[in-house]
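Asks: Mind looking over this structure? Questions follow.
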Amino acid sequence: MTTPQQLHIPVLLDAVLDLLKPAQSETYLDLTAGYGGHAREVIARIGAANLATLVDRDEFAISQLEDLAQNGARVIRLDFLNAAQELSEQGEKFDMILLDLGVSSPQLDRFDRGFSFRGEGVLDMRMDQSQDLTAAKIVNRYSEKDIFRILTEYGEERSGMAAKIAHAIATTRKKNPFMTTTDLAELVKKVKGGWGKIHPATQTFQAVRIAVNDELGQLERVLPVLPDLLNPGGRLAIISFHSLEDRIVKNFLKDQCEAGFESIMKNLTKHPISGDMNDVNNPRARSAKLRAAVKTK
């Protein structure tokens with residue numbers, strides 16, 4: 001039987017390996033391990049699983065890393081922000097760090113997790129299933145004004161269209177609360193009308209998912225911690241999947257690398273490496289952007 005790990009193709013794998021340059025006996029921190037696709041290739045190059053620390057907040061993802069844990073990898077179930085903060089407080093240092101943002105394959109592959117409009121599932125979208133806030137609670141309980149804000153800020157939906165979607169949600173839920181991904185996707189499709197290059201509900205689902213998981217807030221707070229977790233000469237690679245994430249990463253690395261005498265980081269990617277150009281056979285890499293830097297001292 002084919003395992004999920006075998007079906008999963010890590011995004012921009014060759015480019016990640018080229019930038020991280022894993023060498024024998026180096027240490028590796030993967031803050032969003034997922035199925036362990038990147039981690040398995042890095043471990044093969046550093047020579048031992050016990051040199052790797054693998055983090056994910058998703059319970060199912062953690063279960064898919066059991067073979068690596070049995071071979072000595074340290075596996076931590078936490079969100080990447082809390083994991084990075086705890087490791088930093090403990091004085092840990094690594095030669096390589098990877099932060100692969102967005103929705104992981106263990107979440108997308110299972111419609112019951114509620115991340116995808118490709119199949120019907122409960123309107124959930126939690127990366128950490130122990131948290132209370134779900135997509136259904138946002139869609140059914142948040143004010144029309146707050147839903148409008150989420151759609152414009154996190155989904156980058158035009159204000160006029162965001163207002164129409166928010167109003168349609170607020171009106172519809174009075175009689176028929178939103179319970180499934182199909183409920184929400186069909187409503188947005190009805191409001192937006194025609195089908196372009198992407199599904200009409202793409203931006204709405206992105207916006208609600210970001211709100212459920214505080215994705216941008218977590219990213220903004222974790223970035224300043226990462227240089228402290230690197231050894232001198234250590235490499236940091238970050239994969240983002242939409243312009244909001246990429247802008248935050250770009251500005252952080254720019255500030256770090258252009259701080260004059262106080263700078264401790266050097267950019268390894270003048271421009272982001274894009275999935276649509278460098279990982280053309282992987283559909284999940286279509287919107288991916290990879291940026292990297294090295295700690296100089």
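Asks: Scan region 169-183 and tell me whether some residue there is part of a loop (DSSP other than H, G, I, E, B), modelled with pLDDT under 95 and under 24 Å from the mean Cα position of the chain (by Cα).
Replies: no
Asks: If you don't mind, there's one more thing I want to ask. Determine whether region 250-270 contains at least one residue that is closer than 26 Å to Tyr154 by Cα, acidic (Asp, Glu) and open to solvent by less than 10 Å² (accessible area, probe 1.4 Å).
Replies: Within region 250-270, none of the residues are closer than 26 Å to Tyr154 by Cα, acidic (Asp, Glu) and open to solvent by less than 10 Å² (accessible area, probe 1.4 Å).
Asks: So which residues in region 116-151 are farther than 18 Å from Ala162 by Cβ, open to solvent by 60 Å² or more (accessible area, probe 1.4 Å) and part of a loop (DSSP other than H, G, I, E, B)?
Replies: Arg118, Glu120, Gln129, Ser130, Asp132, listed by residue number.
Asks: Separate question: Does Asn231 count as out of contact with any Pro (no Cβ under 8 Å at 6 or more places or on another chain), under 24 Å from Gln131 (Cα atoms) and in contact (Cβ under 8 Å) with a residue 40 or more places away in the chain?
Replies: In short, no.
Asks: Still on this structure: Which residues, taken from region 282-297, are closer than 20 Å to Ile198 by Cβ, of a type outside the set (A, V, I, L, M) and in contact (Cβ under 8 Å) with a residue 24 or more places away in the chain?
Replies: Within region 282-297, Asn282, Arg284, Ser287, Lys289 meet the criteria.
Asks: Of the conditions (1) over 20 Å from Ala168 (Cβ atoms); (2) buried (at least 16 other Cβ atoms within 10 Å of the Cβ), Lys189 fails just one. Which one is it?
Replies: Condition (1) is where Lys189 drops out.
Asks: OK, next. Filter the helices (runs of 4 or more DSSP H) completely within region 9-88 down to those with at least 1 residues that are at pLDDT 95 or above and either basic (Lys, Arg) or touching a Cys at 6+ places or on another chain (Cβ under 9 Å) (or both).
Replies: Numbers: elements: 13-20, 37-46, 59-63, 66-70.
Answer list for region 9-88: 37-46.
Asks: Right, next: Identify, from the list Ser116, Ser143, Ser88, the residue that is out of contact with any Ser or Thr (no Cβ under 9 Å at 6 or more places or on another chain), small (Gly, Ala, Ser) and touching a residue at least 40 places away in the same chain (Cβ under 8 Å).
Replies: The unique qualifying residue is Ser88.
Asks: Ala211 fails exactly one of the following numbered conditions: (1) farther than 18 Å from Met125 by Cα; (2) modelled with pLDDT of 95 or more; (3) open to solvent by less than 50 Å² (accessible area, probe 1.4 Å); (4) not β-branched (Val, Ile, Thr). What is the number of that condition?
Replies: (1)
Asks: With respect to Ala259, is the statement that it is among the aliphatic types (A, V, I, L, M) and in contact with a helix residue (DSSP H, G or I) (Cβ under 7 Å, 6 or more places away or on another chain) true?
Replies: No.
The values are calculated or read from the model by the stated rules, or taken from the named source; none is laboratory data. All values derive from a computational prediction rather than experimental measurement. Counting neighbours? That spans all protein chains shown, and the Cβs are built from the backbone with ideal geometry, glycine included. We work out accessible area using only protein heavy atoms, side chains counted, and drop any ligands, DNA or RNA first. Shrake-Rupley method; radii C 1.70, N 1.55, O 1.52, S 1.80 Å.
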